[in-house]
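So the structure is just underneath, and the comments pick up after that.
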Amino acid sequence: MVGLNIITKTIKWIVGAFFASTILAVVAYRFVPVYVTPLMLIRVVEQTFSDEYDVKWEHHWVPLKEMSKYMPVAVMASEDARFLKHHGFDFDAIQKAVKHNKTAKTKHGASTITQQTAKNVFLWPGRSWIRKGLEMYFTVLIEVLWGKERIMEVYLNSIEMGNGVYGADACAKENFNKTAAELSRADCALIAATLPNPRKFSSKDPSAYMLKRQARIQKEMKFVNLFPMSE
């Protein structure tokens with residue numbers, strides 16, 4: 001009986017510590033720049049033991065207001081057109097993806113920008129149910145505690161945009177010899193076009209397929225609502 005009580009108390013302590021630490025981390029990142037993510041560290045390890053890639057880590061944090069106003073619009077057009085309307089999960093997109101994936105060879109995902117941000121900042125790459133459950137948990141937390149502009153700011157500063165390149169400013173300097181503020185509408189659309197697989201697709205040396213995606217995204221950008229600060 002004593003042993004059971006100890007186990008119960010230990011489990012309660014672990015659960016309590018998990019919720020307290022994760023909520024504290026989310027609250028802190030509401031105000032503090034995110035300079036390091038698990039994915040960045042994982043990529044460094046992969047590069048260290050790879051013959052294909054050199055060790056590279058380019059990441060420059062810049063506030064959203066110091067980025068091109070087209071950058072958030074481009075990624076919404078490419079990745080999550082309903083970003084400003086949903087609360088972390090786009091159930092319409094999920095239903096469409098499920099219906100499509102039942103018959104199509106090419107599978108579609110339905111992860112929102114909020115979900116991608118939760119995964120990028122707090123978790124590791126993978127498809128396990130545990131990781132997916134944690135992604136849902138952090139998605140709810142950052143939607144409640146951060147708000148849309150902060151989510152977009154963190155997303156555009158932490159997302160992988162090339163091999164060893166993270167965030168809009170690092171990508172702008174690496175691939176366009178510009179700052180994030182100087183990116184044109186076409187530049188932003190091209191960067192957004194690579195996001196499904198930024199280690200395969202390049203915004204520096206775009207293929208014909210990338211240019212086609214860029215053109216489509218530029219058209220769809222016309223129908224994406226802007227943040228108040230961008231109007």
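The values are calculated or read from the model by the stated rules, or taken from the named source; none is laboratory data. Keep in mind it's a predicted model, so treat the numbers as computed, not measured. Note: ideal-geometry Cβ built from the backbone for every residue, glycine included; neighbour counts use all protein chains shown.
When residues in the stretch 141-178 are screened for being part of a helix (DSSP H, G or I) and not charged (D, E, K, R), 17 of them pass. Regarding the stretch 186-204, can at least one residue be identified that is surrounded by fewer than 16 Cβ atoms within 10 Å (Cβ to Cβ) and in contact with a helix residue (DSSP H, G or I) (Cβ under 6 Å, 6 or more places away or on another chain)? Checked the stretch 186-204: at least one residue is surrounded by fewer than 16 Cβ atoms within 10 Å (Cβ to Cβ) and in contact with a helix residue (DSSP H, G or I) (Cβ under 6 Å, 6 or more places away or on another chain). Kindly check whether there is at least one residue in the stretch 78-92 that is surrounded by fewer than 13 Cβ atoms within 10 Å (Cβ to Cβ), of a type in the set (D, E) and in a helix (DSSP H, G or I). Yes, that holds for at least one residue.
Give the residue, chosen from S128, S207, S202, S184, that is farther than 28 Å from L41 by Cα and at pLDDT below 95.
Numbers: S128 fails: farther than 28 Å from L41 by Cα; S202 fails: farther than 28 Å from L41 by Cα; S184 fails: at pLDDT below 95.
The match here is S207.
Per the listing W61, W13, W57, the residue uniquely of a type outside the set (A, V, I, L, M) and closer than 30 Å to E220 by Cα is W61. In this structure, D169 does not qualify as modelled with pLDDT of 95 or more, among the acidic types (D, E) and touching a Phe, Trp or Tyr at 6+ places or on another chain (Cβ under 7 Å). What about V55, is it farther than 18 Å from N197 by Cα, in a loop (DSSP other than H, G, I, E, B) and in contact (Cβ under 8 Å) with a residue 24 or more places away in the chain? Against the criterion (farther than 18 Å from N197 by Cα, in a loop (DSSP other than H, G, I, E, B) and in contact (Cβ under 8 Å) with a residue 24 or more places away in the chain), V55 qualifies.
Only one entry of V224, V154 meets the criterion of being under 30 Å from S21 (Cα atoms) and in contact (Cβ under 8 Å) with a residue 12 or more places away in the chain, and that entry is V154.
Summed over the stretch 1-44, residues that are surrounded by 10 or more Cβ atoms within 10 Å (Cβ to Cβ), among the aromatic types (F, W, Y) and outside any helix (DSSP H, G or I) total 1.
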